[in-house]
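Undergrad: Below you'll find the structure I mean.
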Amino acid sequence: MSAKVISAGLIGLQAELVEAEADIGSGEIGTFIIVGLPDASIFEARERIRSAFRNSDLELPKLRITINLAPADLRKQGPNYDLPIALSILLANRQLPVDCLKDVLCLGELSLDGHLRGVNGILPAVQRAREAGLRAIIVPLSNAAEASLIKGIEIWPAQSLQQIVEQLRKKLPPLVVNQAKVTSEVQFESFDFNQIQGQILAKRALMIAAAGHHNLLMIGPPGSGKTLLAQSLPGIMPDLTESEALEVANIYSVIGQFRAAVGLPRQRPFRQPHHSASAAAVIGGGVWPRPGEISLAHRGVLFLDELPEFSRPVLEGLRQPLENGVVTINRISGQLIFPAKCLLLAAMNPCPCGFYGDDRQACQCSQKQMANYRRRLSGPLLDRLDLQLTVPRVPVEDLTGQIKSESSSDLRQLVIQARKKQLERFKNTKFITNGELTVAAIKEFCQIEQAGQMVLRQAIDKLNLSARGYYRLLRLARTIADLADEPTIAKIHLTESLQYRFSNY
């Protein structure tokens, strides 16, 4: 006697259909075997299932039980196969109607008393089930709100194995799922720009970065406000679109950090890993590859404070994701791709002691210390940072003054207007912001006035711009022109972009 139940396994951020096949036959009595490249947590499912059957008044066959998780060449991990394995045994033992789980995907971890615990990766699993044309998915009750965010497929929430069996035997209707919120009203904590005295140039640079999705590096002494400026950036960025919110929710669902109770996120993610974080933690990877901080910041901001203090593998590992918008992790078994379209916002001191160039405190660093400190950041990495500016210490008169600066809501409206111009310009392309433009697209969309072309030629000659630096300069100038509501790039836009492109560092 054999039976199959459809489940799903995670490969990176994607869900793949997996069949739990149960065969009950002759052999050594009480033998329970699981094959199909399972990990340790799946092997342990045997004991969870035995206890769940006993505490749910269900009969576990005393014959030889063989479970195959197909396809056999796909590595499986996690406890989400507990429920499909248990149901496949009940089907094979004729304790459930033969076709009761046809075209139904099942996910869930069993506790010893037979109740269902929530599992990670519900969103990609439900999307995969819908794509495969399945009619329904059985999920733990705690995952029901998350699953209901995906339309076009029935969600059958369950509290326990016993409840599922009773419903399937008596053909009872599933529990009603309350529709989860499409968007969340909850906002992440961010600071308002009107709370920051002075730093007009830095605020302008952050607004440009938010408008065109440009990477930015701030260099300044301790206490100049770099961290506060960075934490204020999310407050001027436009809300996530529904498709972007679903992309972000998928990532957090896979790692078990998605809060379905408040719906899809509205504000863009802001991640701030410590400089002691490993390359796997920041870029992604591990024995079972997981998304890193750069992927958790997808469609949002990755803030790296004390940039030179990060390890060399982390800094060099950022180069490819910043260029392509994805993290590619290669393993013998295959290749995984994690999305990583984030805005990199970095901050650093000008030297190890932090006071090089400061007008109030003398620098204590030697030339050798300075050189070693600067060598931690490679040229190719710096070339990927569109805006590089010095953030000086705030003057006393600005700190004690009563002059009110623009609020985050005011700057946010300017950013949204610039983004709308970009969406209109790129409506028939794959691009969303100026920061994503390829070389061919730059030639098409970045038209320069005659006077601006002369400035650009002089900059190439005098500043020895690389090809990447040249095109990033044009992207930046295009964003500045959008903020000024100008159809073409003028001389003033190029000169301002040059001001941000080269710092004193």
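Undergrad: Can you pull out the residues in the range 127-141 that are part of a helix (DSSP H, G or I) and either touching a strand residue (DSSP E or B) at 6+ places or on another chain (Cβ under 6 Å) or at pLDDT below 95 (or both)?
TA: Passing the criteria: Arg128, Ala129, Leu141.
Undergrad: Within the range 258-298, which residues are under 23 Å from Arg75 (Cα atoms) and not β-branched (Val, Ile, Thr)?
TA: Ala280, Ala281, Gly284, Gly285, Gly286, Trp288, Pro289, Arg290, Pro291, Gly292, Ser295
To keep it simple, each residue is scored yes or no on (1) part of a loop (DSSP other than H, G, I, E, B); (2) small (Gly, Ala, Ser); (3) without any contact (Cβ under 8 Å) to a residue 24 or more places away in the chain.
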{"site": "Thr227", "(1), (2), (3)": "no, no, no"}
{"site": "Ser243", "(1), (2), (3)": "no, yes, yes"}
{"site": "Glu247", "(1), (2), (3)": "no, no, no"}
{"site": "Asn250", "(1), (2), (3)": "no, no, no"}
{"site": "Ser253", "(1), (2), (3)": "no, yes, no"}
{"site": "Phe258", "(1), (2), (3)": "yes, no, no"}
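Undergrad: Which condition breaks for Phe43 when tested against (1) surrounded by 15 or more Cβ atoms within 10 Å (Cβ to Cβ); (2) in contact with a strand residue (DSSP E or B) (Cβ under 7 Å, 6 or more places away or on another chain); (3) under 30 Å from Phe338 (Cβ atoms)?
TA: The single condition Phe43 does not satisfy is (1).
Undergrad: Right, another one. Within the range 52-93, which residues are without any contact (Cβ under 8 Å) to a residue 40 or more places away in the chain and either small (Gly, Ala, Ser) or assigned to a strand (DSSP E or B) (or both)?
TA: Passing the criteria: only Ala72.
Undergrad: List pairs: first in the range 125-137 and free of Cβ contacts under 8 Å to residues at least 40 places away in the same chain and in the same structural domain as Ala15 (by TED's automatic domain parsing), second in a helix (DSSP H, G or I) and small (Gly, Ala, Ser), Cβ under 8 Å, 6+ apart or cross-chain?
TA: Matching pairs, first to second residue: Val126/Ala147; Ile137/Ala125; Ile137/Ala129; Ile137/Ala147.
Undergrad: How about the range 155-170: which of its residues are farther than 14 Å from Glu109 by Cα and without any contact (Cβ under 8 Å) to a residue 40 or more places away in the chain?
TA: Across the range 155-170, the qualifying residues are Ile155, Gln163, Glu166, Gln167, Lys170.
Yes or no, residue by residue, for (1) part of a helix (DSSP H, G or I); (2) among the hydroxyl-bearing types (Ser, Thr, Tyr); (3) closer than 23 Å to Leu498 by Cα; (4) modelled with pLDDT of 90 or more:
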site: Lys420; (1), (2), (3), (4): yes, no, no, yes
site: Glu424; (1), (2), (3), (4): yes, no, no, yes
site: Ala441; (1), (2), (3), (4): yes, no, yes, yes
site: Ala451; (1), (2), (3), (4): yes, no, yes, no
site: Met454; (1), (2), (3), (4): yes, no, yes, no
site: Asp461; (1), (2), (3), (4): yes, no, yes, no
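Undergrad: Return the only residue of Gly263, Gly235, Gly220, Gly212 being modelled with pLDDT under 95 and closer than 19 Å to Gln388 by Cα.
TA: Gly220
Undergrad: Next up: Given Leu112, Leu105, Leu168, Leu149, which one is modelled with pLDDT of 95 or more and buried (at least 19 other Cβ atoms within 10 Å of the Cβ)?
TA: Of the residues listed, the single one that is modelled with pLDDT of 95 or more and buried (at least 19 other Cβ atoms within 10 Å of the Cβ) is Leu105.
Undergrad: Go through the range 334-374 residue by residue and tally those that are part of a strand (DSSP E or B) and on the phi > 0 side of the Ramachandran plot.
TA: Selection size over the range 334-374: 1.
The values are calculated or read from the model by the stated rules, or taken from the named source; none is laboratory data. Remember, it's a predicted structure, so these values are computed and weren't measured experimentally. All Cβ positions, glycine included, derive from the backbone under ideal geometry; neighbour counts span all protein chains shown.
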